[in-house]
Amino acid sequence: MPEPGFRKFINEIASRKSAAVTVFADFCRMSACALAAGSREEEYLEVARRYTRDELSDISQAFAHLVQEMERHPFADLLGPFYIECAAHSSKQARGEFYTPPEISKLMARVLFDVEAAKLKKEPITLNEPACGSGGMVLAVAELFAPDAVDLLRVTAQDINPVAADMAYINLTLWGIPARVILGDTISKSATREWMNVHWFRVGENSRRLAQRFMEVAEEIEAPTSTVDLGQIRESLELKSQLTFDF
Ligand SMILES: C[S@@+](CC[C@H](N)C(=O)[O-])C[C@H]1O[C@@H](n2cnc3c(N)ncnc32)[C@H](O)[C@@H]1O
């Protein structure tokens, strides 16, 4: 039985407002936007407008509880099972969706990846999840690489369902997994939206390898025998009196 935590806040708002699956979808949208480093503000406000100040306070509390619960359960997908439960109770929106049980995802990840060999190779590992749901399968792979080699991963995760895309975005971002999440139909190769999370852009293995190569090349270059006259260089570049930038 999962602890009440974030679920309690969602259910409480839902009891006064609308179906739990709708409130949960809004919670996921607002949380994903909040994790997008200011790049999804308009989307956030569009959803937030539907809630009172007190409800928004409950939603932010729900997010805080989610983060705390995730810390207690590393790489567990807490969102997917709750979404399925909410959707199942909503006759209108029930889609009969089911996500792969974590034990199966973990087994598949272990079969697919030789983690020690990958860590030694230190090359980026691209991973494509074309129907990602809440991202449970990616979490199972990331757990194998954690904590020191999660940034080897370059994940592309796609789903046709916006709630799934938001859940995957939240899960992958909060667990530090570099990811590009696409909302769209994988079969028809259409993408409605796509979001790269903050980890996608951070200094990762590619940049480290580039920097290392740069240092190797720098060491190979022979040190100059004479001292460099900076004044002479400035003069030849006609920069003598222009030491600040012009705007
Ligand atoms: C059975 S769930 C599996 C989710 C996840 N891969 C897992 O194993 O837990 C299937 C997912 O595929 C998504 N899906 C179905 N048709 C799709 C399509 N044409 N393009 C992208 N995603 C699709 C659904 O929205 C759902 O999230």
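Read-outs throughout are calculated quantities, based only on the coordinates presented, and are distinct from any laboratory measurement. Model, not experiment: these values are computed from the prediction. Cβ placement follows ideal geometry from the backbone for every residue including glycine, while neighbour counts extend to all protein chains displayed.
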18 Å cut-off, amide nitrogen to a point 7 angstrom out along THR100 Cα→Cβ, residues in the stretch 151-174: 153-161, 164-165, 167-169, 171-172
Dmax and Rg, reported as Rg then Dmax, of the stretch 29-152 (C-alpha, Å): 17.4, 52
Amide H partners (placed H, <5 Å) of GLN158, local residues excluded: GLU129, ALA131, CYS132, ILE182
Estimated vicinal HN-Hα couplings, Hz - the stretch 153-169 in sequence order (Karplus 6.51, -1.76, 1.60; Gly, Pro = x): 7, 10, 9, 10, 10, 10, 8, 7, 9, x, 5, 5, 4, 5, 4, 4, 4
Å³ per residue enclosed by the Cα convex hull of the stretch 102-201: 94
HN-Hα J in Hz across the stretch 101-107 - Karplus 6.51, -1.76, 1.60, θ = phi - 60°, x for Gly and Pro: x, x, 4, 5, 4, 5, 4
Length released on extending from MET108 to THR52, taking residue separation times 0.36 nm less the Cα-Cα span: 15.8 nm
Calculated from backbone phi, Karplus (6.51, -1.76, 1.60) coupling profile of the stretch 188-198 in Hz, x at Gly/Pro: 8, 6, 9, 10, 7, 9, 8, 9, 8, 7, 4
Relative compactness, the stretch 5-89, computed as alpha-carbon Rg over 2.2 N^0.38 Å: 1.05
Extension gain (nm, one decimal) between VAL217 and GLU116, 0.36 nm per residue minus Cα-Cα: 33.5 nm
Spacing of the two label points (7 Å from each Cα toward its C-beta) at ASP148 and VAL198, in nm: 2.5
Value of relative contact order over the stretch 5-89, rounded to a whole percent, pairs C-alpha under 8 Å and six or more apart: 40
